[in-house]
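Quick one: structure below, then a few questions.
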Amino acid sequence: RERRSVVGTPDSSVPPSGVSCSGCGAELHCRDGAAPGFVPAEKYRSLSEGPAGVAGLRGAVCQRCWLLAHYGRALRLRLPPDQHREVVSAALRRPPRHGRGPLVLYLLDVLELPDPVLPQLPALLGPGVPAAGLLVVGNKVDLLPADSPGHLGRLRQRVAAACAEAGLRGAPLVDVRLVSAKTGFGMEGLVSRLQRSWKCTGDVYLLGATNSGKSTLFNALLRSDYCKSRAPDVVDRATVSPWPGTTLNLLKFPIINPTCDRIFRRQERLKEEATKTEDELSSEEKKYLKLLKKQGYLVGEVGRTFQQLKSSSVIDFDPDMLSYSVDEDPRDSPQRHEEREEFTHNEVKDARWCFDTPGIIKENCVLNLLTDKEVKLVLPTNAIVPRTFILKPGMVLFLAALGRVDYLQGEKPAWFTVVASNLLPVHISTLSNADAFYEERAGQELLKVPIGGEERMKEFPPLVPQDITLKGIGPTEAVADIKLSSAGWVAVTAREGEKLLLRAYTPKGTGLVLREPPLLPYISTIRGARIAGTAAYRTKKPPSLVENLKTTGRR
């Protein structure tokens, strides 16, 4: 698979620094280019051999984070799933520092329900883990359109049901929340819930599967009232990237103590902001809001009561401080030794901390088979626009070259709605032509993913089938979702009592899940008119909803 090879030379004779990468938390070193935390030896020496010594590495990021942030490229690193779990498990088993075990803030991607890692939580939180509470957060709700009134309540019930099925219920489960860490929707409510129920009684650990959005949530909390007021100036932000498993070690920030005075001041700020209309926002705020509306259906704002931060929607890295470009030769740059802010002893001696942890690897996941370019096409980053098709028996639907659904038998046409990244193409074929179509087009531009033609497809696993029988419940309500691993899903809608025999395919070694009931049962109603002469309907994108702003009556 195409991933960046290591740039620069390692030097195994140099001991590790003891300084953490400010992007992923791994210890910085120049010993092994395939290990987390690697910095090319030339750059490592230029940073560590100055007047400040090894402290000159503070604020630097490893080569992996540099490539992820600036090029969207991933290095091939040796970090097996067992090691990921070991780091997380060891962190949770630390003796309680304040007489009370930690709160586990478990983040799941609502698009991935049923969450593949959730059933592993009871083992991670088993004997020997002094966890005092569990708060489950469903992330990425901004990507899904509202298929009916009350869809968020229904999504929350689905997350709660998934927790119950995984054996997580009763006393340890504090709450279930829905947020978008990216657009800020639900984040102020999450902060209020944490401060109200957990206060500052113990440390907090962010857990979740790879690519659930933990690093994005960590960064959002860092900019919120949950974090000590000076911390955003001192703590570096976690690298945010679509590549699974970005956070390799423990990053942390100190939690603010929610005193009565601070809670009061925070509530006053929230009340004042709720009286604002969109027209009263500054031109910069309007511009940022417009961008968020393009990215998600649900938008919010994460504010600060105790300190105004410079607004920035990008990760600030200084290339001269970190590593050189993958297209350049190593070169020394003039050293700029800026005084970095540090916490005082009194500020952190009794602090409770919020820790980000490595993402737990999802097994049997199609993303594990893909290159970095392919992952960026498959993972949705903007509001998903549903695509609906009406198929007769004998017709076939392809989602890129990653999934296929055959309509084998049925009396009448049925509706198939694709919920996946807008960048993934959908193609309709017939049973008689489907195999030849896949053979000819897989790896080519028409199906887009995988990328790389015949050579790429030689190493890519073949599609394997699974037969599915469904019974329709009505022309406006889907009966089930066919989840094609992490590539997306197809919601199937058929007339009441109509029996359908389907055959669904995913690449060998990846999971195919029949989700009953469907996540968005009325998704097929979000469509325009039928396109003449085709099986497709015109797409329709519902409007975005902005949280914490007073509506003006205009749409």
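The values are calculated or read from the model by the stated rules, or taken from the named source; none is laboratory data. Source: prediction; values computed, not measured. FYI the Cβ positions are ideal-geometry reconstructions off the backbone, even for glycines, and counts take in every protein chain you see. Quick note on the areas: whole protein, heavy atoms, side chains included, nothing else; ligands and nucleic acids left out. Shrake-Rupley method; radii C 1.70, N 1.55, O 1.52, S 1.80 Å.
Determine if the range 529-546 includes at least one residue that is in the same structural domain as D406 (by the TED database), within 22 Å of the chain's Cα centre (by Cα), modelled with pLDDT of 95 or more and over 30 Å from E188 (Cβ atoms).
no
Only one of these is modelled with pLDDT under 95 and over 30 Å from S215 (Cα atoms): E363, E411. Name it.
E411
Testing D147 on (1) closer than 27 Å to G25 by Cβ; (2) buried (at least 22 other Cβ atoms within 10 Å of the Cβ); (3) at pLDDT 85 or above, one condition comes back false. Which one is that?
In the conditions (1) closer than 27 Å to G25 by Cβ; (2) buried (at least 22 other Cβ atoms within 10 Å of the Cβ); (3) at pLDDT 85 or above, D147 misses (1) alone.
Hey, another quick one. Which condition does D372 not pass, out of (1) in contact with a helix residue (DSSP H, G or I) (Cβ under 6 Å, 6 or more places away or on another chain); (2) modelled with pLDDT under 95; (3) buried (at least 18 other Cβ atoms within 10 Å of the Cβ), if it passes all the others?
Among (1) in contact with a helix residue (DSSP H, G or I) (Cβ under 6 Å, 6 or more places away or on another chain); (2) modelled with pLDDT under 95; (3) buried (at least 18 other Cβ atoms within 10 Å of the Cβ), the lone unmet condition for D372 is (1).
A further question follows. Which residues, counting only those in the range 410-431, are within 19 Å of I531 (Cα to Cα), open to solvent by 10 Å² or more (accessible area, probe 1.4 Å) and not in a loop (DSSP other than H, G, I, E, B)?
W415, V426, H427, I428, S429, T430
Would you pick out the residues in the range 495-545 that are among the β-branched types (V, I, T) and more than 17 Å from Y297 (Cβ to Cβ)?
Within the range 495-545, T506, T510, V513, I531, T534 meet the criteria.
Report yes if I473 is among the β-branched types (V, I, T) and without any contact (Cβ under 8 Å) to a residue 24 or more places away in the chain, otherwise no.
yes
Could you list, in sequence order, the residues of the range 208-259 that are within 15 Å of the chain's Cα centre (by Cα), of a type in the set (V, I, T) and either modelled with pLDDT under 80 or part of a helix (DSSP H, G or I) (or both)?
Selection gives T216, T239, V240, T246, T247.
Here are the criteria: (1) out of contact with any His (no Cβ under 8 Å at 6 or more places or on another chain); (2) part of a loop (DSSP other than H, G, I, E, B). Tell me which single one L446 does not satisfy.
Tallying (1) out of contact with any His (no Cβ under 8 Å at 6 or more places or on another chain); (2) part of a loop (DSSP other than H, G, I, E, B), L446 fails exactly one: (1).
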